[in-house]
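One structure is given below, encoded as C-alpha coordinates.
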Amino acid sequence: RLFPTRIERRRPSTHPRTSPRINEMPELSPEENAALRRACSAIRDGADVPDHFKDFLKELGVTSFPKPSSNGSAKPPPASDPEPAPMDDDSDFEDDPDPEVVKPESDAPAPMGPDVAPELAESELDAVMALKQKAQDLEASGDHQGAVDAFTEVILKAPSPLVYAKRANAFVQMRKCLAAIRDCDKALEMNPDSAKAYKTRGVAHRYLGNWEQAQMDLGRGLNIDYDEASAAVQKICAEHYNKARVHKAKKKAAKEAKEKAEREERARRAKEEYERQKKEGASAGGAGGFPGAGGFPGGMGGMGGGMPNIPPELLSAIMSDPELMAAMQKPKVMAALQECMSNPAAFGKYASDPEFQYIIQKLQKVMPGMGGAGMGGGGPGFGSGMPGGFGGFGGAAGGQGGASVDEVD
(Lines give C-alpha, C1' and ligand atoms only; values in the text may rest on other atoms or scores of the structure.)
Protein backbone atom coordinates (compact mmCIF):
# COMPACT_ATOMS: atom_id res chain seq x y z
CA ARG A 1 0.00 0.00 0.00
CA LEU A 2 1.21 3.45 -0.81
CA PHE A 3 -0.25 5.03 2.34
CA PRO A 4 -0.60 3.53 5.80
CA THR A 5 -4.00 3.12 7.31
CA ARG A 6 -5.30 5.63 9.80
CA ILE A 7 -4.67 3.20 12.61
CA GLU A 8 -1.10 2.72 11.53
CA ARG A 9 -0.50 6.47 11.35
CA ARG A 10 -1.57 6.74 15.04
CA ARG A 11 0.75 3.97 16.10
CA PRO A 12 2.58 5.30 19.18
CA SER A 13 6.27 5.87 18.98
CA THR A 14 8.62 3.54 20.74
CA HIS A 15 10.35 6.58 22.40
CA PRO A 16 8.95 8.65 25.23
CA ARG A 17 6.74 11.55 24.21
CA THR A 18 9.25 14.17 25.40
CA SER A 19 12.39 12.68 23.94
CA PRO A 20 12.25 14.44 20.53
CA ARG A 21 11.83 17.80 22.30
CA ILE A 22 14.83 17.16 24.51
CA ASN A 23 16.99 16.02 21.66
CA GLU A 24 16.07 19.09 19.62
CA MET A 25 16.82 21.65 22.47
CA PRO A 26 19.68 23.98 21.41
CA GLU A 27 22.80 24.14 23.57
CA LEU A 28 23.86 27.35 25.35
CA SER A 29 26.87 29.12 23.92
CA PRO A 30 29.96 29.65 26.13
CA GLU A 31 29.06 33.30 26.47
CA GLU A 32 25.52 32.46 27.60
CA ASN A 33 26.86 29.93 30.09
CA ALA A 34 29.25 32.54 31.49
CA ALA A 35 26.42 35.09 31.79
CA LEU A 36 24.25 32.55 33.59
CA ARG A 37 27.06 31.73 36.02
CA ARG A 38 27.55 35.43 36.75
CA ALA A 39 23.83 35.84 37.39
CA CYS A 40 23.80 32.91 39.79
CA SER A 41 26.84 34.24 41.60
CA ALA A 42 25.23 37.66 41.96
CA ILE A 43 22.07 36.10 43.37
CA ARG A 44 24.11 34.15 45.91
CA ASP A 45 25.80 37.39 46.96
CA GLY A 46 22.48 39.05 47.68
CA ALA A 47 21.18 40.40 44.37
CA ASP A 48 17.42 40.33 43.89
CA VAL A 49 16.06 37.51 41.70
CA PRO A 50 14.25 38.86 38.61
CA ASP A 51 10.57 37.89 38.37
CA HIS A 52 10.94 36.06 35.06
CA PHE A 53 13.78 33.98 36.53
CA LYS A 54 11.69 33.25 39.62
CA ASP A 55 8.87 31.97 37.40
CA PHE A 56 11.28 29.69 35.59
CA LEU A 57 12.70 28.33 38.85
CA LYS A 58 9.19 27.74 40.22
CA GLU A 59 8.42 25.61 37.16
CA LEU A 60 11.41 23.51 38.13
CA GLY A 61 10.08 23.11 41.66
CA VAL A 62 12.09 25.76 43.51
CA THR A 63 10.05 27.22 46.37
CA SER A 64 12.53 29.35 48.35
CA PHE A 65 14.81 32.08 47.12
CA PRO A 66 17.77 33.92 48.76
CA LYS A 67 16.86 37.16 50.45
CA PRO A 68 18.17 40.23 48.66
CA SER A 69 20.57 42.59 50.40
CA SER A 70 19.24 45.72 52.11
CA ASN A 71 19.81 47.90 49.06
CA GLY A 72 18.40 45.31 46.69
CA SER A 73 21.58 44.98 44.67
CA ALA A 74 24.66 42.85 44.59
CA LYS A 75 27.44 43.41 47.02
CA PRO A 76 29.54 46.34 45.90
CA PRO A 77 33.10 45.61 44.81
CA PRO A 78 35.80 46.25 47.38
CA ALA A 79 36.49 49.94 47.71
CA SER A 80 39.75 51.01 46.21
CA ASP A 81 42.26 52.84 48.31
CA PRO A 82 41.35 56.52 48.55
CA GLU A 83 43.53 58.84 46.55
CA PRO A 84 45.92 60.78 48.73
CA ALA A 85 45.04 64.40 49.29
CA PRO A 86 47.17 66.95 47.42
CA MET A 87 50.31 67.78 49.35
CA ASP A 88 49.60 71.49 49.29
CA ASP A 89 46.01 71.16 50.52
CA ASP A 90 45.43 73.05 53.77
CA SER A 91 41.95 71.68 54.46
CA ASP A 92 43.36 69.60 57.33
CA PHE A 93 44.29 72.70 59.31
CA GLU A 94 41.71 73.81 61.83
CA ASP A 95 42.68 76.32 64.46
CA ASP A 96 40.98 76.12 67.83
CA PRO A 97 37.93 78.39 67.63
CA ASP A 98 38.11 81.52 69.74
CA PRO A 99 34.64 82.54 71.01
CA GLU A 100 35.76 86.15 71.43
CA VAL A 101 36.54 86.67 67.75
CA VAL A 102 33.92 88.91 66.12
CA LYS A 103 33.00 89.92 62.60
CA PRO A 104 34.09 93.37 61.37
CA GLU A 105 31.48 96.04 61.84
CA SER A 106 29.88 97.83 58.92
CA ASP A 107 29.45 101.25 60.59
CA ALA A 108 30.45 104.45 58.84
CA PRO A 109 33.90 105.77 59.84
CA ALA A 110 33.96 108.06 62.84
CA PRO A 111 34.80 111.75 62.25
CA MET A 112 38.47 112.69 62.29
CA GLY A 113 39.97 115.98 63.43
CA PRO A 114 42.16 118.36 61.44
CA ASP A 115 45.70 117.22 60.55
CA VAL A 116 47.14 120.18 62.45
CA ALA A 117 45.63 121.13 65.79
CA PRO A 118 44.46 124.75 65.79
CA GLU A 119 45.59 127.23 68.39
CA LEU A 120 42.92 127.63 71.06
CA ALA A 121 42.17 130.42 73.43
CA GLU A 122 42.41 129.78 77.15
CA SER A 123 38.65 129.47 77.48
CA GLU A 124 38.54 126.96 74.61
CA LEU A 125 41.31 124.95 76.23
CA ASP A 126 39.30 124.82 79.44
CA ALA A 127 36.30 123.52 77.52
CA VAL A 128 38.43 120.86 75.85
CA MET A 129 39.81 119.74 79.22
CA ALA A 130 36.28 119.47 80.56
CA LEU A 131 35.29 117.30 77.58
CA LYS A 132 38.29 115.02 78.16
CA GLN A 133 37.33 114.56 81.78
CA LYS A 134 33.74 113.87 80.80
CA ALA A 135 34.85 111.24 78.26
CA GLN A 136 37.05 109.51 80.81
CA ASP A 137 34.26 109.45 83.38
CA LEU A 138 31.84 107.97 80.86
CA GLU A 139 34.39 105.33 79.88
CA ALA A 140 34.95 104.41 83.53
CA SER A 141 31.21 104.05 84.10
CA GLY A 142 30.85 101.68 81.14
CA ASP A 143 29.10 104.15 78.81
CA HIS A 144 31.43 103.48 75.89
CA GLN A 145 29.25 105.12 73.26
CA GLY A 146 28.99 108.28 75.41
CA ALA A 147 32.76 108.22 75.80
CA VAL A 148 33.19 107.91 72.01
CA ASP A 149 30.92 110.93 71.46
CA ALA A 150 32.82 113.02 74.01
CA PHE A 151 36.23 112.01 72.61
CA THR A 152 34.98 112.89 69.12
CA GLU A 153 34.19 116.44 70.28
CA VAL A 154 37.69 116.71 71.67
CA ILE A 155 39.24 115.36 68.44
CA LEU A 156 37.36 117.87 66.30
CA LYS A 157 38.73 120.75 68.41
CA ALA A 158 42.14 119.56 69.61
CA PRO A 159 43.25 116.22 68.11
CA SER A 160 46.17 114.39 69.67
CA PRO A 161 47.64 110.86 69.52
CA LEU A 162 46.50 110.10 73.07
CA VAL A 163 42.89 111.15 72.44
CA TYR A 164 42.74 109.03 69.28
CA ALA A 165 44.12 106.06 71.23
CA LYS A 166 41.56 106.58 74.03
CA ARG A 167 38.68 106.75 71.58
CA ALA A 168 40.07 103.60 69.92
CA ASN A 169 39.99 101.85 73.29
CA ALA A 170 36.32 102.80 73.70
CA PHE A 171 35.63 101.36 70.23
CA VAL A 172 37.39 98.12 71.21
CA GLN A 173 35.14 97.82 74.29
CA MET A 174 32.17 97.91 71.90
CA ARG A 175 33.97 95.45 69.55
CA LYS A 176 34.01 98.03 66.78
CA CYS A 177 37.49 96.94 65.83
CA LEU A 178 37.81 98.55 62.41
CA ALA A 179 37.03 101.97 63.89
CA ALA A 180 39.60 101.30 66.63
CA ILE A 181 42.26 100.37 64.06
CA ARG A 182 41.60 103.58 62.09
CA ASP A 183 42.03 105.68 65.23
CA CYS A 184 45.24 103.85 66.16
CA ASP A 185 46.63 104.31 62.67
CA LYS A 186 46.01 108.04 62.98
CA ALA A 187 47.58 108.14 66.44
CA LEU A 188 50.71 106.34 65.19
CA GLU A 189 50.87 108.66 62.21
CA MET A 190 51.08 111.56 64.64
CA ASN A 191 53.31 109.73 67.15
CA PRO A 192 55.10 106.55 65.93
CA ASP A 193 56.12 105.74 69.52
CA SER A 194 52.61 105.64 71.03
CA ALA A 195 52.58 102.49 73.16
CA LYS A 196 48.85 102.82 73.87
CA ALA A 197 48.06 103.02 70.15
CA TYR A 198 50.13 99.90 69.42
CA LYS A 199 48.59 97.89 72.22
CA THR A 200 45.03 99.03 71.48
CA ARG A 201 45.43 98.20 67.79
CA GLY A 202 46.85 94.81 68.77
CA VAL A 203 43.79 94.06 70.90
CA ALA A 204 41.51 95.13 68.01
CA HIS A 205 43.29 92.72 65.68
CA ARG A 206 43.00 90.04 68.34
CA TYR A 207 39.19 90.34 68.34
CA LEU A 208 39.19 90.13 64.53
CA GLY A 209 41.33 86.97 64.60
CA ASN A 210 44.29 88.64 62.88
CA TRP A 211 46.76 86.79 65.07
CA GLU A 212 49.99 87.73 63.33
CA GLN A 213 49.27 91.46 63.23
CA ALA A 214 47.91 91.35 66.78
CA GLN A 215 50.98 89.78 68.33
CA MET A 216 53.27 92.12 66.35
CA ASP A 217 51.45 95.26 67.52
CA LEU A 218 51.24 94.05 71.10
CA GLY A 219 54.94 93.19 71.05
CA ARG A 220 55.87 96.68 69.90
CA GLY A 221 53.66 98.30 72.51
CA LEU A 222 55.02 96.10 75.28
CA ASN A 223 58.59 96.94 74.30
CA ILE A 224 57.74 100.62 74.89
CA ASP A 225 55.51 100.22 77.97
CA TYR A 226 55.02 96.78 79.54
CA ASP A 227 51.83 95.76 81.35
CA GLU A 228 50.51 92.37 82.41
CA ALA A 229 47.09 92.67 80.75
CA SER A 230 48.53 93.31 77.29
CA ALA A 231 51.12 90.57 77.80
CA ALA A 232 48.33 88.06 78.53
CA VAL A 233 46.54 89.03 75.32
CA GLN A 234 49.76 88.70 73.35
CA LYS A 235 50.26 85.17 74.70
CA ILE A 236 46.85 84.14 73.35
CA CYS A 237 47.63 85.67 69.98
CA ALA A 238 51.07 84.05 69.83
CA GLU A 239 49.58 80.58 70.40
CA HIS A 240 47.17 80.95 67.50
CA TYR A 241 49.80 82.55 65.28
CA ASN A 242 52.39 79.84 65.94
CA LYS A 243 49.92 77.11 64.98
CA ALA A 244 49.18 78.83 61.70
CA ARG A 245 52.87 79.52 61.06
CA VAL A 246 53.90 75.89 61.64
CA HIS A 247 51.14 74.68 59.33
CA LYS A 248 52.11 77.23 56.70
CA ALA A 249 55.74 76.08 56.87
CA LYS A 250 54.70 72.44 56.49
CA LYS A 251 52.45 73.33 53.60
CA LYS A 252 55.25 75.21 51.88
CA ALA A 253 57.72 72.36 52.41
CA ALA A 254 55.20 69.83 51.05
CA LYS A 255 54.57 71.98 48.00
CA GLU A 256 58.30 72.37 47.33
CA ALA A 257 58.84 68.63 47.73
CA LYS A 258 56.02 67.94 45.31
CA GLU A 259 57.39 70.38 42.76
CA LYS A 260 60.87 68.88 43.12
CA ALA A 261 59.50 65.38 42.59
CA GLU A 262 57.65 66.55 39.50
CA ARG A 263 60.80 68.19 38.11
CA GLU A 264 62.83 65.06 38.71
CA GLU A 265 60.14 62.93 37.09
CA ARG A 266 60.06 65.19 34.02
CA ALA A 267 63.84 65.06 33.82
CA ARG A 268 63.83 61.27 34.15
CA ARG A 269 61.29 60.92 31.37
CA ALA A 270 63.22 63.34 29.20
CA LYS A 271 66.42 61.41 29.73
CA GLU A 272 64.72 58.11 28.97
CA GLU A 273 63.25 59.60 25.81
CA TYR A 274 66.65 60.94 24.84
CA GLU A 275 68.30 57.55 25.35
CA ARG A 276 65.58 55.87 23.33
CA GLN A 277 65.85 58.31 20.44
CA LYS A 278 69.61 58.21 20.64
CA LYS A 279 69.54 54.46 20.06
CA GLU A 280 66.99 54.76 17.27
CA GLY A 281 68.90 57.54 15.53
CA ALA A 282 72.40 56.11 15.98
CA SER A 283 72.33 54.46 12.56
CA ALA A 284 71.28 57.75 10.93
CA GLY A 285 74.50 59.49 11.95
CA GLY A 286 72.69 62.04 14.11
CA ALA A 287 74.35 61.22 17.38
CA GLY A 288 75.30 64.81 18.05
CA GLY A 289 71.94 66.36 17.36
CA PHE A 290 68.82 66.99 19.38
CA PRO A 291 65.83 64.81 18.40
CA GLY A 292 63.11 66.87 16.76
CA ALA A 293 65.75 69.54 16.14
CA GLY A 294 68.35 66.98 15.38
CA GLY A 295 68.02 64.98 18.61
CA PHE A 296 66.61 66.80 21.70
CA PRO A 297 63.63 64.95 23.24
CA GLY A 298 60.22 66.21 22.18
CA GLY A 299 61.50 68.45 19.42
CA MET A 300 62.23 71.54 21.53
CA GLY A 301 60.58 73.75 18.99
CA GLY A 302 62.98 72.77 16.26
CA MET A 303 65.87 74.97 17.41
CA GLY A 304 65.99 76.66 14.06
CA GLY A 305 67.07 73.57 12.21
CA GLY A 306 68.81 71.92 15.12
CA MET A 307 72.16 72.21 16.85
CA PRO A 308 74.34 69.98 14.68
CA ASN A 309 77.81 68.71 15.45
CA ILE A 310 77.58 69.07 19.22
CA PRO A 311 80.30 66.87 20.72
CA PRO A 312 78.89 63.81 22.50
CA GLU A 313 80.63 64.72 25.75
CA LEU A 314 78.97 68.15 25.71
CA LEU A 315 75.57 66.68 25.01
CA SER A 316 76.14 64.16 27.77
CA ALA A 317 76.93 66.99 30.19
CA ILE A 318 73.64 68.67 29.35
CA MET A 319 71.68 65.46 29.68
CA SER A 320 73.26 64.67 33.05
CA ASP A 321 71.63 67.74 34.67
CA PRO A 322 67.96 66.86 35.43
CA GLU A 323 66.94 70.44 36.22
CA LEU A 324 68.49 71.73 33.00
CA MET A 325 66.82 68.98 31.02
CA ALA A 326 63.43 69.76 32.56
CA ALA A 327 63.79 73.49 31.97
CA MET A 328 64.85 73.06 28.36
CA GLN A 329 61.68 71.08 27.69
CA LYS A 330 59.70 74.32 27.89
CA PRO A 331 58.85 75.89 24.53
CA LYS A 332 59.19 79.40 26.01
CA VAL A 333 62.80 78.79 27.01
CA MET A 334 63.76 77.17 23.74
CA ALA A 335 62.10 79.97 21.76
CA ALA A 336 64.15 82.50 23.71
CA LEU A 337 67.34 80.56 23.02
CA GLN A 338 66.52 80.42 19.32
CA GLU A 339 65.96 84.16 19.22
CA CYS A 340 69.22 84.88 21.03
CA MET A 341 71.16 82.53 18.74
CA SER A 342 69.87 84.32 15.68
CA ASN A 343 70.08 87.81 17.23
CA PRO A 344 72.46 88.27 20.19
CA ALA A 345 70.96 91.70 20.88
CA ALA A 346 67.83 89.87 22.02
CA PHE A 347 69.57 89.03 25.28
CA GLY A 348 68.52 92.45 26.60
CA LYS A 349 64.91 91.44 26.07
CA TYR A 350 65.28 88.59 28.56
CA ALA A 351 67.49 90.39 31.09
CA SER A 352 64.68 90.43 33.65
CA ASP A 353 63.43 86.91 32.97
CA PRO A 354 64.61 84.77 35.94
CA GLU A 355 63.79 81.50 34.19
CA PHE A 356 65.88 82.37 31.14
CA GLN A 357 68.72 83.66 33.33
CA TYR A 358 68.67 80.41 35.26
CA ILE A 359 69.09 78.42 32.04
CA ILE A 360 72.01 80.58 30.94
CA GLN A 361 73.75 80.12 34.30
CA LYS A 362 73.23 76.36 34.16
CA LEU A 363 74.56 76.23 30.60
CA GLN A 364 77.65 78.16 31.65
CA LYS A 365 78.40 75.50 34.26
CA VAL A 366 78.21 72.61 31.80
CA MET A 367 79.75 74.55 28.88
CA PRO A 368 83.04 76.07 30.06
CA GLY A 369 83.50 77.75 26.69
CA MET A 370 80.57 80.07 27.26
CA GLY A 371 82.26 83.27 28.30
CA GLY A 372 81.19 86.77 27.51
CA ALA A 373 80.34 89.85 29.48
CA GLY A 374 76.83 89.87 28.18
CA MET A 375 73.59 91.59 29.02
CA GLY A 376 74.92 94.79 30.44
CA GLY A 377 76.92 93.08 33.11
CA GLY A 378 73.74 91.92 34.82
CA GLY A 379 73.16 88.65 33.00
CA PRO A 380 75.48 86.19 31.36
CA GLY A 381 76.16 86.23 27.68
CA PHE A 382 77.08 83.45 25.37
CA GLY A 383 80.65 84.15 24.38
CA SER A 384 82.12 82.83 21.23
CA GLY A 385 83.29 79.56 22.66
CA MET A 386 80.29 77.25 22.46
CA PRO A 387 82.03 74.22 21.05
CA GLY A 388 80.76 72.25 18.17
CA GLY A 389 78.43 74.44 16.23
CA PHE A 390 76.64 77.10 18.33
CA GLY A 391 78.98 79.63 16.83
CA GLY A 392 78.77 81.98 19.80
CA PHE A 393 75.91 84.18 20.99
CA GLY A 394 77.87 87.36 20.86
CA GLY A 395 77.95 88.76 24.40
CA ALA A 396 75.19 91.38 23.92
CA ALA A 397 77.08 94.02 25.89
CA GLY A 398 74.98 96.67 27.50
CA GLY A 399 71.88 94.59 26.94
CA GLN A 400 71.88 95.36 23.20
CA GLY A 401 74.79 93.28 21.92
CA GLY A 402 78.43 94.19 21.23
CA ALA A 403 79.54 96.29 18.32
CA SER A 404 79.42 94.45 15.01
CA VAL A 405 81.99 94.65 12.23
CA ASP A 406 79.80 97.06 10.27
CA GLU A 407 79.49 99.37 13.28
CA VAL A 408 83.26 99.43 13.78
CA ASP A 409 83.77 100.27 10.16
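The values are calculated or read from the model by the stated rules, or taken from the named source; none is laboratory data. Because the structure is predicted, anything quoted here is derived from the model rather than measured. We place every Cβ from the backbone using ideal geometry, glycine too, and count neighbours over all the protein chains shown. We work out accessible area using only protein heavy atoms, side chains counted, and drop any ligands, DNA or RNA first. Shrake-Rupley method; radii C 1.70, N 1.55, O 1.52, S 1.80 Å.
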Those residues of segment 200-249 which are of a type in the set (Phe, Trp, Tyr) and either surrounded by fewer than 17 Cβ atoms within 10 Å (Cβ to Cβ) or without any contact (Cβ under 8 Å) to a residue 60 or more places away in the chain (or both), in sequence order: Trp211, Tyr226, Tyr241
Would you say Pro109 is within 30 Å of Asp98 (Cα to Cα), assigned to a loop (DSSP other than H, G, I, E, B) and not β-branched (Val, Ile, Thr)? yes
I'm trying to understand the selection: among the residues of segment 183-199, which are among the charged types (D, E, K, R), closer than 15 Å to Gly113 by Cβ and surrounded by fewer than 19 Cβ atoms within 10 Å (Cβ to Cβ)? Asp185, Glu189
Considering only residues that are farther than 17 Å from Ala110 by Cα and of a type in the set (Val, Ile, Thr), which ones fall in segment 180-215? Val203
Candidates Ala74, Ala79, Ala140, filtered to the one that is of a type in the set (A, V, I, L, M, F, W, C), within 30 Å of His247 (Cβ to Cβ) and either at pLDDT below 70 or open to solvent by 70 Å² or more (accessible area, probe 1.4 Å) (or both): Ala79
I'd like the full set of residues that are loosely packed, with under 13 Cβ neighbours inside 10 Å and under 15 Å from Glu323 (Cβ atoms), limited to segment 258-281. Glu259, Lys260, Ala261, Glu262, Glu265
